[in-house]
Amino acid sequence: MSNLNFKYGLQEDSKELLFEKLVDSIENCRLCPNMECRTKVFSEYNGNIYSNVLFIAEAPGRLGADKTKIPLFGDQTGVNFQRLIDSIGWTRESFFITNAILCNPRDDKGNNATPNKEQLENCSIYLQILIELMKPEYIITLGQKALESLRIIHDINVTLKKDVRKVIDWNGYNLIPLYHTGPRAMVHRNYFNQLADFYWISKNIKLKTKPWDRLNKSGLQKKVKQVKSSQSRLQKLIIDILSRVDRVSKFKLTKLIYLIDYESLKNHGKLVTNSFYIRSFNGPIPVGLDNELMDLLDLGIITYSKRGYSLNPTLTVELNSVEKSIVDDIVMRYGKVKDREIKTATYLTKPMKRILKIEKQGISMLHKPVFTDEDFT
């Protein structure tokens, strides 16, 4: 760590200079050879270095922070996190967010991968410097990998499941472990439980910070508003479906979305919505659907009555030609059928047939992932 030419114990007025050096060192980092050309997500877009709260997540998402350069922002994980902090009245200018590793880890196919031990160890150098720089009163970890990164710096006997939402002493800091806000983590601790976690935080932590000129000039707030005002892939599909069907129940809408994504994944190897599907009581459902519908209702883009959801004639969206063809086909086949018919079509898809077969053996598949590789081989 001494090779990085950082000194600890700097005075408060030296924080900004140390931060600039840290940003520069991270930008020129070559510790992980296979990630040298990746975007390093660490800048004033991460938040306020003068805050008493530091969030630590897992890694930049390929469809989120890797593109926006704003941690926990731009993908479904970011949507969930943004909604949670909005619900308690916190803004990104009032705290700082970083990740256990600062570049997007990918597998051989170019998809998001779980950070490995070497990557965590390499980035723990920068995490330790950041903690020494900020000296936050509270460190809030999001997910298991964030906890692992802290263990590398200073060992602690903490497990996420046992110690979630507890205040624990870690190396002289108040550590609060929370679950990650990604769709897969929502299977283990759903949105409403995580919302309760964030409300608890807001009641037990008094945010303290001071203005930071570099952050104020960064345009972070404007960037957040711009992305928040745009529709997600799932919202765009909802809008497109409702532009073709006069009014549709939530049950039927969910099945239409699933069948469209299933056909796209089966024939083209990717989802239209980029959603993560789980088995619910009523069949397959994209995680976060309720939140997406709520946002569209709040914005006045869609309306709801006893007859179901409908689209206000104020907005249209453009899908690409392949997606449009799939939506055309599914809506033409199932847009006017009764709920029981589209339910049958849904349960006859290969993923659901596999799930039903497992459930017949007495094994619960509730809240388990719907799509697996074996469904498409």
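A few notes on this one:
- Count - residues of the stretch 60-95 that are of a type in the set (Gly, Ala, Ser) and closer than 20 Å to MET134 by Cβ: 2
- Selected residue [hydrophobic (A, V, I, L, M, F, W, C) and in contact with a Pro (Cβ under 8 Å, 6 or more places away or on another chain)] from VAL187, VAL272, VAL245, VAL224: VAL187
- Condition check for ILE342: crowded, with 19+ Cβ neighbours inside 10 Å and among the β-branched types (Val, Ile, Thr): yes
- Qualifying residues in the stretch 172-204 (those that are polar (S, T, N, Q) and outside any helix (DSSP H, G or I)) - the one surrounded by the most Cβ atoms within 10 Å (Cβ to Cβ): THR181
- All positions within the stretch 195-209 that are among the hydroxyl-bearing types (Ser, Thr, Tyr) and within 16 Å of ILE139 (Cβ to Cβ): THR209
- Residue that is touching a strand residue (DSSP E or B) at 6+ places or on another chain (Cβ under 6 Å), over 30 Å from GLU20 (Cβ atoms) and in contact (Cβ under 8 Å) with a residue 60 or more places away in the chain, where the choices are VAL164, VAL248: VAL248
- Candidates ALA113, ALA57, ALA100 - the one that is surrounded by fewer than 24 Cβ atoms within 10 Å (Cβ to Cβ) and either in contact with a Pro (Cβ under 7 Å, 6 or more places away or on another chain) or among the aromatic types (Phe, Trp, Tyr) (or both): ALA113
- Within this structure, ASP169 passes the test of being outside any helix (DSSP H, G or I) and either surrounded by fewer than 19 Cβ atoms within 10 Å (Cβ to Cβ) or of a type in the set (Asp, Glu) (or both).
- Condition check for GLN119: buried (at least 16 other Cβ atoms within 10 Å of the Cβ), touching a residue at least 40 places away in the same chain (Cβ under 8 Å) and closer than 23 Å to LEU220 by Cα: no
- All positions within the stretch 177-206 that are within 19 Å of ASN48 (Cα to Cα) and touching a strand residue (DSSP E or B) at 6+ places or on another chain (Cβ under 6 Å): ILE205
- Positions within the stretch 191-205 being in contact (Cβ under 8 Å) with a residue 24 or more places away in the chain and out of contact with any Ser or Thr (no Cβ under 7 Å at 6 or more places or on another chain), in sequence order: TYR191, ASP197, TYR199, TRP200, ILE201, SER202, ASN204, ILE205
- Residue in the stretch 223-233 that is closer than 26 Å to PRO60 by Cβ and at pLDDT 85 or above present: yes
- Matching option when the condition is among the β-branched types (Val, Ile, Thr), out of contact with any Lys or Arg (no Cβ under 7 Å at 6 or more places or on another chain) and surrounded by 12 or more Cβ atoms within 10 Å (Cβ to Cβ), among VAL370, VAL331, VAL322: VAL322
- For the stretch 329-377, the set of residues classified as in contact with a Phe, Trp or Tyr (Cβ under 8 Å, 6 or more places away or on another chain) and either without any contact (Cβ under 8 Å) to a residue 12 or more places away in the chain or assigned to a loop (DSSP other than H, G, I, E, B) (or both) consists of GLU341, THR349, LYS353, LEU356, LEU366, VAL370, PHE371, listed by residue number.
The values are calculated or read from the model by the stated rules, or taken from the named source; none is laboratory data. If you're wondering where the values come from, they're calculated on a predicted model, not measured in any experiment. Glycine also receives a Cβ, built like all others from the backbone with ideal geometry; neighbour counts cover every protein chain displayed.
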